[in-house]
Amino acid sequence: MRQMSSTDARKKDTREKIELGGLIAKAGLRYEKRAVLLGALIELGQQLKGDDAERARLAAIGAEAFGRDGE
């Protein structure tokens with residue numbers, strides 16, 4: 001039972017990482033250096049703290065991009 005739970009957790013973690021990688025590709029950043037991507041994400045995380053308007057603006061951009069792909 002414990003092994004099954006561990007396997008399920010690993011599968012869930014792997015799926016999440018694949019989906020996150022897909023977001024990088026969808027954003028057109030597939031060939032950007034990893035350090036650039038990480039730096040951008042760290043900075044974005046800091047900028048979004050307490051900035052609900054910016055979060056909403058970015059969410060609208062993302063929702064539109066998903067809509068164009070039928071997701």
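Within the stretch 1-29, which residues are open to solvent by 90 Å² or more (accessible area, probe 1.4 Å), over 13 Å from the mean Cα position of the chain (by Cα) and of a type outside the set (S, T, N, Q)?
Residues satisfying the conditions are Met1, Arg2, Met4, Arg10, Lys11, Lys12.
Of (1) in contact (Cβ under 8 Å) with a residue 24 or more places away in the chain; (2) loosely packed, with under 10 Cβ neighbours inside 10 Å, Gly50 satisfies all except one. Which?
(1)
Within the stretch 32-41, which residues are surrounded by 10 or more Cβ atoms within 10 Å (Cβ to Cβ), assigned to a helix (DSSP H, G or I) and free of Cβ contacts under 8 Å to residues at least 12 places away in the same chain?
If the condition is that a residue be surrounded by 10 or more Cβ atoms within 10 Å (Cβ to Cβ), assigned to a helix (DSSP H, G or I) and free of Cβ contacts under 8 Å to residues at least 12 places away in the same chain, then Val36, Leu38, Gly39, Ala40, Leu41 are the ones that fit.
The values are calculated or read from the model by the stated rules, or taken from the named source; none is laboratory data. Everything numeric here is computed off the predicted structure, so don't read it as measured data. Using ideal geometry, Cβ is built from the backbone for each residue, glycine included, and neighbour counts are taken over all protein chains shown. Calculation scope for accessible area: heavy atoms of the full protein, side chains included, ligands and nucleic acids excluded. Shrake-Rupley method; radii C 1.70, N 1.55, O 1.52, S 1.80 Å.
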